[in-house]
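A.B. asks: Structure below; questions to follow.
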Amino acid sequence: YCVVIASRGGTTCMINAMMLHPNDTAVQTYACIALGNLSAKSNNIKAQIVSTGVTGIITNVMKNHRNCPAVQASARFALKQLTASMPVQPLDEKTEMVRNMFRKTIG
């Protein structure tokens, strides 16, 4: 099911929903969980998701919802999944910055 969701625009739909509803904590929480779960299933899906620049969106979500534990936890989960065991390839500057910030946060 993950490949079907990713190949039929599901990840783009989730990212668009995050951008269209930045103040909706439910949208942010469930989109982060879904993106994290999808990225954990396949490096190809993970690379597709990361290439959209979603890591920057997720960090903004964390900034905008500092007092919402559900958003914080799901965003951390998504960032962890999106940056775990990434294939060796050149990364854009923002993705590398987020990866380094996340590594410092978790030790």
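A.B. asks: In whole Hz, with x marking every Gly and Pro, tabulate ³J(HN,Hα) for region 28-38 from phi via Karplus 6.51 cos²θ - 1.76 cosθ + 1.60, θ = phi - 60°.
C.D. replies: Taking θ as phi minus 60°, the curve returns 5, 4, 6, 5, 4, 4, 4, 5, x, 5, 4 Hz for region 28-38.
A.B. asks: For region 1-90, with the dipole built from +1 on Lys and Arg beta-carbon atoms and -1 on Asp and Glu ones, taken about the Cα centre, which of 23, 4, 33 lies farthest toward the positive end?
C.D. replies: 33
A.B. asks: Report the net charge of residues surrounding residue 3, where surrounding means a beta-carbon distance below 14 angstrom and charges are Lys +1, Arg +1, Asp -1, Glu -1.
C.D. replies: Its environment carries a net charge of +3.
A.B. asks: Would region 24-80 count as rounded, prolate or oblate if I go by the C-alpha gyration tensor, calling it rounded below 1.5 in a/c and otherwise prolate when a/b exceeds b/c, oblate otherwise?
C.D. replies: Because a/c hits 1.5 or more and a/b exceeds b/c, region 24-80 counts as prolate.
A.B. asks: Please check which bits of region 15-38 a label hung off residue 80 would reach, taking the label as a point 7 Å along Cα-to-C-beta and the cut-off as backbone N under 15 Å.
C.D. replies: 32-38
A.B. asks: If I model a spin label at residue 67 and residue 19 as a point 7 Å from the Cα along the Cα→Cβ vector, what separation in nanometres do I get?
C.D. replies: Spacing of the two 7 Å Cα→Cβ label points: 2.9 nm.
Computed from the coordinates by the stated procedures, all read-outs in this text should not be read as laboratory data. All of these numbers come straight from a predicted model, not from anything done at the bench. Glycine gets a Cβ as well: all are built from the backbone with ideal geometry, and neighbour counts include every protein chain shown.
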